[in-house]
Amino acid sequence: MTERQKYQVLQKFDDFELRLYDACVAAEVNINNDYAAATSAAFRPLFNYISKGNAASQSIAMTAPVIATTDTNLDTDLWKVHFVMPAGSNLKDMPLPKDSNIELHQLPAQTCAASAFRGRANKRLSEKEEKRLRLSAQKNNISLSQETRICRFDPPFKPGILQYNEIVIPIS
């Protein structure tokens with residue numbers, strides 16, 4: 001089974017959770033394109049990196065989810081797409097990418113609101129779920145940042161209705 005990004009549930013609400021995500025290392029590609037094209041274009045170099053496409057020719061275990069992040073809104077053309085490295089990874093121990101478009105980052109622990117949804121995580125469905133999460137957080141007096149993360153857990157060939165996804169938004 002694919003390892004998932006580690007977190008602790010801090011509080012459960014009717015339709016979302018507050019989570020504390022563990023500090024982690026992420027491999028990231030910045031893409032200037034619409035959401036669908038950006039996630040598609042970023043996947044291959046990130047997958048190549050963990051499939052020995054690094055200076056050490058080292059295989060790195062695949063984790064879930066694949067995360068697409070924007071700092072403004074889902075209509076943007078600037079996306080950061082990243083893979084989280086396996087739990088316990090340290091930035092200093094990660095092999096350098098061969099592809100200069102990949103950047104490695106040490107991400108700090110962070111508290112976020114998270115909401116799950118089923119279906120193909122396209123722009124329309126993701127926008128709907130983002131709005132729902134923001135409204136629910138506001139009703140519960142939780143202030144969220146402008147950043148939105150679309151987290152996809154399943155491969156694209158899995159039937160859309162069965163795909164599991166999450167919208168994750170850091171608290172401000």
### Query
Which of (1) modelled with pLDDT of 95 or more; (2) farther than 18 Å from S145 by Cβ is the odd one out, the single condition N32 does not satisfy?
(1)
### Message
Of everything in segment 47-95, what is at pLDDT below 95, part of a loop (DSSP other than H, G, I, E, B) and hydroxyl-bearing (S, T, Y)? Give them in sequence order.
### Response
T72, T76
### Query
Picking from T111, T148, which residue would you name as being of a type in the set (V, I, T), closer than 21 Å to E3 by Cα and either surrounded by fewer than 18 Cβ atoms within 10 Å (Cβ to Cβ) or at pLDDT 95 or above (or both)?
T111
### Message
Just to check your reading of the model, which residue among N32, N73 is in contact (Cβ under 8 Å) with a residue 12 or more places away in the chain, of a type in the set (S, T, N, Q), in contact with a strand residue (DSSP E or B) (Cβ under 7 Å, 6 or more places away or on another chain) and loosely packed, with under 13 Cβ neighbours inside 10 Å?
### Response
N32
### Task
Please indicate, with yes or no, whether at least one residue in segment 140-158 is of a type in the set (K, R), in contact with a helix residue (DSSP H, G or I) (Cβ under 7 Å, 6 or more places away or on another chain) and farther than 30 Å from S57 by Cβ.
no
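The values are calculated or read from the model by the stated rules, or taken from the named source; none is laboratory data. What you are looking at is a predicted structure, and each value in this text was computed from that prediction instead of being measured. Glycine also receives a Cβ, built like all others from the backbone with ideal geometry; neighbour counts cover every protein chain displayed.
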